[in-house]
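Here's the structure we're looking at; comments come further down.
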Amino acid sequence: MNPTMTAAPAARMTALLALLERVPLGVFQLLFRIAVGAVYWNAGLTKLASWQTTLTLFAQEYQVPVLPPEFAAYMATTVELTCPVLLFLGLATRLATLPMLGQAVVIQLFVYPESWIEHLSWAAMLLFILTRGPGPISLDRFVAPLLRGGAAR
């Protein structure tokens, strides 16, 4: 095979990779916030749609240890309807990831251990947001300097 024929696809691949590396981190931070937030938000809306069914599920299927089913249902629904809003806005973002991560761990360990791929995906996005922050497209970016006593940049 002619070496010049294989060099052209390699050069195109290198150029493509260089272009992809220029995608700003903030794009991924925003996409992860929306993606994982939507999962939790939809779960919360489903629980609200039929509260009696939710209570039955927590009593019979979910059976979270230590917590009474009704309390666990309220707690899960509260996390699912408040934390995603904070993620969408990028407000108190890192703090909002913590109850969501906790809920993902509880679901993985005690409710649906066979769904580890899905839970790992949620946890990976949440851990990325927790460790890298919400990104430039967030209210946190504007609030943080005000809390430190400076102006937003």
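Structure above, values below:
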| quantity | calculated |
| --- | --- |
| Length-normalised contact order of the chain in % [C-alpha pairs under 8 Å, at least 6 apart] | 27 |
| About the Cα centre, charge dipole magnitude for the chain (Lys/Arg +1, Asp/Glu -1 at Cβ), debye | 760 |
| Along principal axes, Cα extents of the stretch 66-153, largest first, whole Å | 46, 27, 17 |
| I34/S115 FRET efficiency (R0 35 Å; Cβ-Cβ; nearest 0.05) | 0.95 |
| Between the stretch 19-35 and the stretch 130-148, the alpha-carbon center distance in angstrom | 15 |
| Percent of C-alpha pairs per 10 Å bin, the stretch 68-117, short to long | 25, 47, 27, 1 |
| Cα-based Kirkwood hydrodynamic radius, the chain, one decimal, Å | 17.9 |
| Calculated FRET value between L127 and L17, using beta carbons and R₀ = 25 Å, to 0.05 | 0.50 |
| At least 15 Å along the helix axis (C-alpha) and Kyte average at least -1.0, DSSP helices within the chain | 3-20, 25-49, 69-89, 93-106, 116-132 |
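Every read-out reported here was derived from the displayed coordinates using simple, explicitly stated rules and does not represent laboratory data. What you are looking at is a predicted structure, and each value in this text was computed from that prediction instead of being measured. Ideal geometry is used to build each Cβ from the backbone, glycine not excepted, and the neighbour counts take in all protein chains shown.
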